[in-house]
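To start, the structure under review is shown below, and the notes come after it.
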Amino acid sequence: MPSLQATRRRIGSVKNTQKITKAMKLVSASKLRRAQERILAARPYSDQMTALLAQLSRRVNANAHPLLQPSDGNKVELVVISSDRGLCGSFNAQLFRQTIELARRLEADGKKISLTTIGRKARDFFRRRPWPITKSWVQLPLQFEQARTIAQELIDAFLSGQRHEVRLLFTEFRSVVSQRPASRVLLPIGQTTEPAPATTETGSYTYEPEEEELLTELLPRSVAVQLFRALLESAASEQGARMMAMDSAARNAGQMIGRLTLIYNKTRQAAITKELMDIVGGAEALR
């Protein structure tokens, strides 16, 4: 059996770990509330813009703007949004698994894959994988201007022909206990992996200002909005996953403390019993 001192030290160590995990759970719960409020506020605007541009892209000529034109090229950029820190369960692992599966499917179709990583975990994971990393962003402030900067770089690469398609991979926030990896086609705009909804609308729009001017303003903004939404979704999902992971860790620490306390009591009782037997044996020998 382990010594009493060693068992006491293990119990103390696990209790300290439990205090840390409980504190991290409370911090994540506080951050999650704010992140959830931001994503719930951003979703209606993002959804309406996506619906508008999806409808618009079906009505206008694809040549009306370069961001609407699908390409026959084979260069695909995958934008992967992960966390900067760990201790969030399988949050990053599930996203990386989906990214690898998608990259291999695209390679089987003859595509050349490169990556843009957002988050330290994605950068560290994919730098050891066979796909080149175009650019990495770490410790990114959760602001729209940052999303617009990244979106503009992706748009420039697409318009210059360096990339023929851009896909966005992130973790979609569904609830505190449920986060799901998601994939979206970011460029060209209007392209999607899902079937288009049926519509009975006919006719065409009358544009004010002119169609070209309107699309020039709306389309780059749409890319930035979709990227910013993905960042918000990922941030909320990260805090939800971390809160659940820390809650599970705190409960497991409590169970371990219970088992170690039982071992400690058994060891202590055995030591006391042995000492009593030695005393009784010594007393019998003196008679």
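Read-outs: derived from the displayed coordinates by stated rules, not from any lab. None of these values were measured; they are calculated from a predicted model. Ideal geometry is used to build each Cβ from the backbone, glycine not excepted, and the neighbour counts take in all protein chains shown.
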Quiz prompt | Of every Cα-Cα pair in region 234-287, the percent that sits beyond 12 Å | solution = 75 percent
Practice problem: Report the label-to-label distance for Ser160 and Arg9 in nanometres (one decimal), using points 7 Å from each Cα along the Cα→Cβ vector. | Solution: 5.9 nm
Quiz item: What list of ³J(HN,Hα) values in whole Hz, one per residue of region 175-182 in order, does the Karplus curve 6.51 cos²θ - 1.76 cosθ + 1.60 (θ = phi - 60°) give from phi, with Gly and Pro shown as x?
Solution: 7, 4, 9, 9, 10, 10, x, 9
Quiz item: So, with +1 on the Cβ of K and R and -1 on the Cβ of D and E, and no other charges, what is the size of the charge dipole of the chain about its Cα centre, to the nearest 20 debye?
Solution: 2300 debye
Quiz item: Relative to the Cα centre, what is the charge dipole magnitude of region 209-271, using +1 at the beta carbon of each Lys and Arg, -1 at the beta carbon of each Asp and Glu, and rounding to the nearest 20 debye?
Solution: 1400 debye
Self-check item: Separation of the Val177 and Arg259 label points, Cα + 7 Å toward Cβ, nm
Solution: 2.4 nm
Practice problem: Grab the Cα-Cα distance for Leu87 and Ile133, subtract it from 0.36 nm times how many residues apart they are, and report the gain in nm with one decimal. | Solution: 14.1 nm
Quiz item: Taking the C-alpha atoms of region 1-143, how large are the radius of gyration and the largest Cα-Cα span, Dmax, in Å?
Solution: 22.5, 79
Self-check item: Neighbour net charge for Leu115 - beta-carbon separation under 10 angstrom, K R +1, D E -1
Solution: +3
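For the chain, what is Rg from Cα atoms divided by 2.2 N^0.38 Å, rounded to two decimals? Walk me through the numbers before you get to the answer.
On the way: Rg = 28.2 Å, N = 287, 2.2 N^0.38 = 18.9 Å.
Relative to the 2.2 N^0.38 Å estimate, the chain comes out at 1.49.
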Quiz item: Under DSSP H, which helices of the chain have Cα atoms covering 30 Å or more of the helix axis and a Kyte-Doolittle average no less than 1.0?
Solution: none
Quiz item: Listed here are the pairs Lys15/Lys121; Lys31/Lys266; Lys111/Lys135; Lys22/Lys274; Lys15/Lys266; Lys31/Lys121; which of them are more than 31 Å apart at the Cα?
Solution: Lys31/Lys266; Lys22/Lys274
Quiz item: What nm value, rounded to one decimal, do you get for the distance between Asn16 and Glu107 when each label is placed 7 Å out toward the C-beta?
Solution: 4.4 nm
Practice problem: Using a 10 angstrom cutoff on alpha carbons, build the Gaussian network for the chain and name the most mobile of Arg148, Arg229, Arg129. | Solution: Arg129
Self-check item: Reachable aspartates and glutamates, given that their alpha-carbon falls under 18 Å from the alpha-carbon of Lys75 and they are not under 8 places away in the same chain
Solution: Glu101, Glu107, Asp109, Glu153, Asp156, Glu165
Quiz prompt | Helix-only mean residue ellipticity at 222 nm for the chain, each DSSP H run of n ≥ 4 adding -39500 (n - 2.57), per residue, nearest 500 | solution = -22000 deg cm²/dmol
